[in-house]
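Written out below as structure tokens is the structure these notes cover.
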Amino acid sequence: MTTPFDASDWIHLVQHELFLFAGVFFLLGALDEFAIDFVYAWLRLTGRAGSCTVSEAENGAGALRGTAAVFIPTWQEAMVVAPTLRHALSVWPQDEVRLYVGCYRNDAATLASAMVGAAGDPRVRIVVHDREGPTSKADCLNRLYRALEDDEQRAGEQVRMVVLHDAEDMVDPRAITLLDEAMEHADFVQLPVIALPQSGSRWIAGHYSDEFAEAHAKAMVVRDALGAGIPGAGVGCAFTRPMLAKLVARSADGGPFPADSLTEDYELGLGVKALGGTARFLRVRTPSGRLVGTRAYFPARAQAAVRQKTRWIQGIALQGWDRLGWSGSPVQMWMQLRDRRGPFAAILLALAYLLVAFAGVSWSASTAGLIEPIRFTPLLTALLIANFCALLWRAGLRMVFTAREFGWVEGLLALPRIFVSNWIAILAGRRALTGYIRSLRGAPAIWDKTEHFDHPALAYPRGARA
């Protein structure tokens, strides 16, 4: 005779099955990360990974092989655009550099700040959009592209490359010459992004430092070595002029940047690969050890961080699936799968934290004699042990990569910041799903941008390693 289930049995059954479900998918994610780690380790052992050292002077003041047009779209960036322009004009003294700053006609404060930052330098062209903002970042970039076309037509020659930057970036002195050199062998080049630690936000802003320190030292290096498409970060990246023309030719709205996309930079980077172009990720240090990349302050408040990561998840994982589909080599498909796992990862993380809380309540109830203690099967026990070991491995690597760029204090802080990163990912994943549903109902792509109040160029001396 079968004994009927009581409430305790049902609690144990549900808990066991949810643990099993989460454990299996967490293990699959761990194996995916181990594969990246293995390739990276092999690249290091064979000397194909790690930072190269540039041979020229650190200041990068040498002449360029052609004109470099730097696109800087803005919307409500009055606090940071002037320092950005002053710093860029100072460390990039070449006459071949042209800064195109996109402003909206209903954003007088940013327009005034851009004029102050330009300080009459003829290398700066402030382009006022003929539409009121905010539209989308890609739409603002397309307006800058039309201004570039007008200038090229008047001058009778095209620029050599187009570089993308944001209004809050602190550009590297060596970056412009490095990109110019790389254009000899590539159609698209991405430099590392360095999310600088902020003393007033060790947890929220700090988790960006950890994520970029690892991703742009390992995952992007692996993508480059395997020949996969390099997703653009929207800053510190450059396109050859002929490649940008090819992107325009395949566009339906007359501009290279997809105006209805939330992550146009990501799509363009992969678009270069789809068109048969060569994309590279360059990780280079100067003789003094400074990593050549784009330094910036990332959101210091939780709400702003969630909004920013919402846009990334919705644009890359959800819109990217719709707009780009699944195509390319097995390696390319693998990278697409990694890029688009954000919403599912958020669900798994939320489930994991709920299970931990539920397990605590269940243990307390069993200790009090209210229910029988749960008994894990050998399979589930093995899964939990494997995932715990994988967590320790991931945490250790995160600490090492952060410490290498920012010192061991930040490296140790990276360990508890993993929970901050997970919490923000959960909130952003939920918000991205609701935003995606609204877009399916016809909601337009709006520049839901992050507000910036401080600039690293005001805190870091020229050429400082950070």
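The values are calculated or read from the model by the stated rules, or taken from the named source; none is laboratory data. None of these values were measured; they are calculated from a predicted model. Methodologically, a virtual Cβ is constructed for each residue, glycine included, from the backbone with ideal geometry; neighbour enumeration extends over all protein chains shown. The accessibility values were calculated without ligands, DNA or RNA, using every heavy atom of the protein model including side chains. Shrake-Rupley method; radii C 1.70, N 1.55, O 1.52, S 1.80 Å.
From the list ALA245, ALA233, ALA215, exactly one residue is closer than 25 Å to ASP454 by Cβ, open to solvent by 10 Å² or more (accessible area, probe 1.4 Å) and outside any loop (DSSP other than H, G, I, E, B). Which is it? Spell out how you get there, then give the answer.
Values: ALA245 fails: closer than 25 Å to ASP454 by Cβ; ALA233 fails: outside any loop (DSSP other than H, G, I, E, B).
Matching residue, one of ALA245, ALA233, ALA215: ALA215.
Residues of the stretch 69-109 being part of a helix (DSSP H, G or I) and in contact (Cβ under 8 Å) with a residue 40 or more places away in the chain, which ones?
VAL81, PRO83, THR84, ARG86, HIS87, ALA88, SER90, VAL91
Any chance the stretch 347-364 includes a residue that's touching a Ser or Thr at 6+ places or on another chain (Cβ under 8 Å) and either of a type in the set (A, V, I, L, M, F, W, C) or assigned to a helix (DSSP H, G or I) (or both)?
Within the stretch 347-364, none of the residues are touching a Ser or Thr at 6+ places or on another chain (Cβ under 8 Å) and either of a type in the set (A, V, I, L, M, F, W, C) or assigned to a helix (DSSP H, G or I) (or both).
Go through the stretch 141-173 and count every residue that is part of a loop (DSSP other than H, G, I, E, B), out of contact with any strand residue (DSSP E or B) (no Cβ under 8 Å at 6 or more places or on another chain) and surrounded by 17 or more Cβ atoms within 10 Å (Cβ to Cβ).
2
Counting only residues that are over 24 Å from TRP321 (Cβ atoms), assigned to a helix (DSSP H, G or I) and open to solvent by 40 Å² or more (accessible area, probe 1.4 Å), which one in the stretch 419-466 is modelled with the lowest pLDDT?
Looking at the filtered set, the residue picked out is LEU458.
Can you pull out every residue in the stretch 262-306 that is charged (D, E, K, R), open to solvent by 10 Å² or more (accessible area, probe 1.4 Å), in contact with a Pro (Cβ under 8 Å, 6 or more places away or on another chain) and not in a loop (DSSP other than H, G, I, E, B)?
ASP265, GLU267
Consider the stretch 221-230. How many of its residues are open to solvent by less than 20 Å² (accessible area, probe 1.4 Å) and touching a strand residue (DSSP E or B) at 6+ places or on another chain (Cβ under 7 Å)?
Looking only at that region, the number is 4.
Report every pair of residues separated by at least 6 positions or lying on different chains whose Cβ atoms are under 8 Å apart, first residue within the stretch 378-402 and closer than 30 Å to VAL193 by Cβ and open to solvent by less than 40 Å² (accessible area, probe 1.4 Å), second assigned to a helix (DSSP H, G or I) and acidic (Asp, Glu).
Going by the 8 Å Cβ cut-off, the qualifying pairs are ALA390/GLU33; LEU397/ASP37; LEU397/GLU214; PHE401/ASP210; PHE401/GLU214; THR402/ASP210; THR402/GLU214; THR402/GLU410.
Given (1) farther than 26 Å from ILE316 by Cβ; (2) touching a Leu at 6+ places or on another chain (Cβ under 8 Å); (3) open to solvent by 20 Å² or more (accessible area, probe 1.4 Å); (4) of a type outside the set (Ser, Thr, Tyr), identify the lone condition not met by PRO416.
Checking PRO416 against (1) farther than 26 Å from ILE316 by Cβ; (2) touching a Leu at 6+ places or on another chain (Cβ under 8 Å); (3) open to solvent by 20 Å² or more (accessible area, probe 1.4 Å); (4) of a type outside the set (Ser, Thr, Tyr), the one that fails is (2).
Picking from ARG338, ARG311, ARG323, which residue would you name as being out of contact with any Leu (no Cβ under 9 Å at 6 or more places or on another chain) and at pLDDT 90 or above?
Only one candidate qualifies: ARG338.
ALA119 is checked against (1) more than 19 Å from GLY234 (Cβ to Cβ); (2) surrounded by 19 or more Cβ atoms within 10 Å (Cβ to Cβ) and fails just one. What number does that condition carry?
Just one mismatch for ALA119, condition (2).
Among the residues of the stretch 365-378, count how many are under 44 Å from the mean Cα position of the chain (by Cα) and assigned to a helix (DSSP H, G or I).
2
Within the stretch 307-344, can you find the residues that are crowded, with 19+ Cβ neighbours inside 10 Å and of a type in the set (Gly, Ala, Ser)?
Within the stretch 307-344, GLY315, ALA317, GLY320, GLY342 qualify.
Read through the list (1) over 17 Å from the mean Cα position of the chain (by Cα); (2) closer than 17 Å to GLY234 by Cα; (3) in contact (Cβ under 8 Å) with a residue 40 or more places away in the chain, then give the number of the only condition that GLY289 fails.
Result: GLY289 fails condition (2) only.
Within the bounds of the stretch 294-303, is there any residue that is in contact with a helix residue (DSSP H, G or I) (Cβ under 7 Å, 6 or more places away or on another chain) and within 22 Å of ALA35 (Cβ to Cβ)?
no
With the requirement that a residue be under 18 Å from ALA138 (Cα atoms), of a type in the set (S, T, N, Q) and open to solvent by 10 Å² or more (accessible area, probe 1.4 Å), what does the stretch 65-105 give you?
GLN76
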